[in-house]
Amino acid sequence: MEEIIAGEPPVNLLLYGDFNDTKNEPAVQEIMGARGVPDHMADLPLKDSAGDRWTQYWKYADIYSRIDFIFVSPALLPEVVQSKKQRLSFGRLERSQRSSPDYRDDAADR
C-alpha cells in the first residue's frame, strides 16, 4: 500500500470494509500509518442519521464499537465532500440490532 500511495502521479486510493478491529488496535493502526507522514490513510468516520458512528454491537458485553472503516489516501482526501458523507441507516432495524450476529433479514428470503 505504501508503494501505491508513494507513486507518481498521486493515486486516489479508497480502502473500506469490516476490519473486525477497532481504530486503536495495531492492525488498523498499521493500515492507517503514522499521522503527518505522506502515506497516512485518512479515516472517514461516517455518522448515520441518528449521529451514531458505531457499526457493531456486542450484546454479551453491551458494547458498541466501530469496526467498519473507510480510509482514503492523501490524494483522494481533498476530493471528499465532507458535508455529504453519511452512513446509510438500516431502515426498520432497531439500533441494537444493526450488527447483531443473530439478525436475519426475512425480506431477503422472499
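No lab work stands behind these numbers, since they all come straight from the coordinates. As the structure is a prediction and not an experimental result, all values here were calculated from the model. Note that each Cβ is placed from the backbone with ideal geometry, even for glycine, and that neighbours are counted across all protein chains shown.
Side notes on the structure shown:
- Summary value for region 2-83: 40 percent relative contact order, contacts being C-alpha pairs under 8 angstrom separated by 6+ residues.
- Full-extension gain in nm, E2 to K47, via 0.36 nm per residue minus C-alpha separation: 13.4 nm
- Charge-dipole axis of region 2-83 as Lys and Arg at +1 and Asp and Glu at -1 on Cβ define it, positive-most pick from G36, V81, G51: G51
- Ascending count of other beta-carbon atoms within 10 Å, so fewest first, for S49, S73, S65: S49, S65, S73
- Computed label-point distance, nm, for sites H40 and L15 using a 7 Å Cα→Cβ extension: 1.5
- Length gained on full extension, M32 to A75: 14.1 nm, using 0.36 nm per residue less the C-alpha separation.
- Sorted largest first, extent of region 2-83 alpha carbons per principal axis (Å): 47, 30, 19
- Cβ crowding within 10 Å ranks D18, D39, D62 as D62, D18, D39, fewest other Cβ atoms first.
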